[in-house]
Amino acid sequence: MNISRGSAAIFAVLALAATPALADDITDQLDSGKALYAKGDYAQALSELQFAINDIQKKVSERYVAVMPAAPAGWEADEAEAQSGAMLGGGQVITRHYHEQNGGDGQMTLTVSVDIPMVQAMSAMFTNPALISADPQAKRVRVGGDNAVLKWNAPNKSGEVTMMLGSRILAQLEGQNLKSDAVLQDFMKNWDMKPLKTAAGL
């Protein structure tokens, strides 16, 4: 069975779904897939298990959506949205948009990518000063105890902060029409990332 690489959270939910106390559509699908496999009907077993995997992925997405940060003071937030990272090789991509209130026209978008293969490929960027210094608009900043990369275009009042959480989560905050890069940095520094890490099993 060829299943795209999922997060540790997916397997945690799978383990929970297998317990009798949590019987639901997913456990029914798992039981059906197991029965079909035992009968040698591998094609139908594969189909049934894929339905179960898709439903588990939805539950994982719901967990990530629930822990996306609320809007900071003076801002409002849209509902967070989750998408499968199937086109990127697996994983989850969750986004939330923020809009400045009180007559401001600032915009920010937070994108969290979990277990996307290219995330691991980017991890070297956060520990290699040469890669950061190669971009004249980029500099290293600290968010808590973690490294992050800030890019700021002062004339356009726009920029982004990108950081890794462990080796599996990439968080990127982009902003336009901001007063300064401090808006981006303050957002990231005030964000309690523990619920996100817990949802991802970190």
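Quick look at the values:
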read-out: Members of region 176-202 that are within 17 Å of GLN92 (Cα to Cα), outside any helix (DSSP H, G or I) and small (Gly, Ala, Ser); value: ALA200, GLY201
read-out: From SER61, SER4, residue being assigned to a loop (DSSP other than H, G, I, E, B), hydroxyl-bearing (Ser, Thr, Tyr) and at pLDDT below 85; value: SER4
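The values are calculated or read from the model by the stated rules, or taken from the named source; none is laboratory data. Quick caveat: nothing in here was measured; it's all calculated off a predicted structure.
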